[in-house]
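A.B. asks: Take a look at this one; I'll ask things after.
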Amino acid sequence: MNEVTVSRANAAKRLKGNADFLEITAAIEADIFASFRSVSINDSERLATVHALSHGFKLLNDRIAKYIEAANYEASAEQLFDE
């Protein structure tokens, strides 16, 4: 299995299991949601900014999940290849 893939997956798993990381990401998510709720529907510039923050936060979480998924896929592919 690719060492970079394994290293990234292990780091991602540690992050997902780290209480401090989870607490901080929950707080960030709550802040973004509160920002959405406080933005006037007519304030398109601020709405776009908050949407960009939300999208960036989602991309971070998606990338963490992707690193883990990539390692799982490689491990499955190797197992099938070895059989």
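The values are calculated or read from the model by the stated rules, or taken from the named source; none is laboratory data. Please read all numbers here as calculations on a predicted model, not as lab measurements. No Cβ is skipped: glycine too gets one built from the backbone with ideal geometry, and neighbour counts run over all protein chains shown. In case anyone asks, the SASA skips ligands and DNA or RNA and just uses the protein heavy atoms, side chains included. Shrake-Rupley method; radii C 1.70, N 1.55, O 1.52, S 1.80 Å.
A.B. asks: Lys/Arg Cβ at +1, Asp/Glu Cβ at -1, dipole of the chain taken about the Cα centre: which of ALA34, GLY56, ALA12 is farthest positive-ward?
C.D. replies: In the chain, that residue is ALA34.
A.B. asks: When only Cα pairs under 8 Å and 6 or more residues apart are kept, what is the percent relative contact order across the chain?
C.D. replies: 50
A.B. asks: A follow-up question, please. Taking the chain as the reference, fit the longest principal axis to its C-alpha atoms, fit the long axis of helix 19-38 to the helix C-alpha atoms, and give the angle between the two in degrees, 0 to 90, nearest 10.
C.D. replies: Here the helix axis deviates by roughly 30 degrees.
A.B. asks: Okay, moving on. Sorted by accessible area with a 1.4 angstrom probe, largest first, how do ASP43, ASP20 fall? Can you show the working numbers first?
C.D. replies: On the way: ASP43 65, ASP20 100 Å².
Ranking ASP43, ASP20 by accessible area, largest first, yields ASP20, ASP43.
A.B. asks: Within the range 3-83, what whole-number % of the accessible surface is contributed by carbon and sulfur, with the 1.4 Å probe and all protein chains included in the calculation?
C.D. replies: Numbers: 3540 of 6300 Å².
Its accessible area is 56 percent carbon and sulfur atoms.
A.B. asks: What nm distance separates the two modelled labels at GLU23 and ARG37, each placed 7 Å from Cα along Cα→Cβ?
C.D. replies: Taking the two extended label points, one gets 2.2 nm.
A.B. asks: Work out the length of the dipole vector of the chain about its Cα centre, built from +1 on the beta-carbon of each Lys and Arg and -1 on the beta-carbon of each Asp and Glu, and round it to the nearest 20 debye. Intermediate results must be reported in sequence, preceding the final value.
C.D. replies: On the way: 9 positive and 13 negative charges, 62 e Å.
Approximately 300 debye in magnitude.
A.B. asks: Convert each backbone phi in the range 12-18 into a coupling constant with the Karplus relation 6.51 cos²θ - 1.76 cosθ + 1.60 (shift: θ = phi - 60°), then list the ³J(HN,Hα) values in order as whole Hz, x for Gly and Pro.
C.D. replies: So the Karplus estimates, Gly and Pro as x, are 5, 5, 4, 4, 5, x, 8 Hz.
A.B. asks: Restricting to DSSP H runs of at least four residues, report the calculated mean residue ellipticity at 222 nm for the chain, -39500 (n - 2.57) per run over all residues, nearest 500 deg cm²/dmol. Each step should come with its number before you reach the end.
C.D. replies: Details: 3 runs with 74 residues, N = 83.
Dividing the helical sum by the residues of the chain leaves -31500 deg cm²/dmol.
A.B. asks: If one computes P(r) from the Cα atoms of the chain, what percent of pairs lie at distances over 18 Å? Provide the component values of the computation, followed by the final result.
C.D. replies: Numbers: 1926 of 3403 pairs.
When every Cα pair of the chain is considered, 57 percent fall beyond 18 Å.
A.B. asks: Hand me the GluC sites (Glu not before Pro) from the range 15-66 located in a DSSP loop with no more than 16 other Cβ atoms within 10 Å, in residue order please.
C.D. replies: Numbers: sites: GLU23, GLU29, GLU45; in loops: none.
Taking the range 15-66 and a limit of 16 other Cβ atoms within 10 Å, no loop GluC sites (Glu not before Pro) are found.
A.B. asks: On to the next question. Work out the FRET efficiency for ALA52 and SER76 from their Cβ-Cβ distance, taking R0 = 25 Å, and round it to the nearest 0.05. It would help to have the intermediate numbers written out before the result.
C.D. replies: Values: r = 35 Å, r/R0 = 1.41.
Once the sixth-power term is evaluated, E becomes 0.10.
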